[in-house]
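A short write-up of the structure that comes next.
The values are calculated or read from the model by the stated rules, or taken from the named source; none is laboratory data. The structure presented is a predicted model; accordingly, all values stated were derived computationally and were not measured. All Cβ positions, even for glycine, are placed from backbone atoms using ideal geometry, and neighbour counts span all protein chains on display.
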Amino acid sequence: MPPSALRDRKRERTRRAILLAAVELFEAGGYEETTVADIAAEAEVGTRTFFNYFASKEELLFPETDDRVRAAVAAIATRRPGERPVEVLLRALRAAGDSPGEHLVDDLSSRVAALRAQVSRTVPSVSGRAAHAQLVAQREIARQLHTAFPHELDEIGAAALVGAVVGAVSGALTVLFQQPQHSIDDGERLHRKIHETTSRVLQPWLAATATTEPVR
């Protein structure tokens with residue numbers, strides 16, 4: 001294995017160690033009560049190393065945003081012949097949901113998602129970051145959808161379609177994370193529930209694709 005590949009693997013292991021340490025500390029003691037120094041110590045790295053991987057404690061709750069947007073954009077770019085805009089969008093969102101990034105494996109992506117939803121309710125900076133991240137993602141996905149279907153969706157129509165679908169999913173998942181029976185103790189079960197909830201919310205859109213008219 002070339003040295004560059006070994007360095008990449010080492011960086012990925014360190015990144016995951018920091019993220020895992022943070023998640024476990026957040027779950028056990030709370031987000032606001034946990035410091036960067038606590039996380040670095042738990043991950044057995046220095047605080048300087050921590051900041052080489054994450055700009056802030058807040059960023060730990062948003063490690064996969066770019067990966068998800070890239071997955072959605074790739075799904076739109078590889079649209080199938082005959083697919084309508086809604087169908088492509090739904091497939092793109094599913095691709096984003098199934099692509100948490102190489103640094104998030106096992107049940108870690110679900111645990112991060114649950115923590116983000118919970119912390120967003122009490123920490124304004126995290127709530128604002130979540131809203132901004134979602135807005136940026138929606139704008140990029142809408143732009144790509146308009147580019148893919150210029151004769152069926154204008155810019156406003158694409159933004160409306162993406163906003164409606166993403167908003168429906170986000171609203172449902174917010175309620176899901178508020179329910180005590182869907183705690184972060186069982187990451188695998190929570191991950192499965194996230195997918196079940198998302199599929200349930202998207203089902204009416206899937207049923208409507210056969211009659212969907214061009215949005216302008």
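Each row is one residue, and each column tells you yes or no for (1) at pLDDT 85 or above; (2) not in a helix (DSSP H, G or I).
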{"position": "E102", "(1), (2)": "no, yes"}
{"position": "S109", "(1), (2)": "no, no"}
{"position": "S125", "(1), (2)": "yes, no"}
{"position": "L145", "(1), (2)": "yes, no"}
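Being β-branched (V, I, T) and farther than 29 Å from Q144 by Cβ narrows it down to one residue among V45, V73, V69; which is it? Before you say what the answer is, go through the steps one by one.
Numbers: V73 fails: farther than 29 Å from Q144 by Cβ; V69 fails: farther than 29 Å from Q144 by Cβ.
Matching residue, one of V45, V73, V69: V45.
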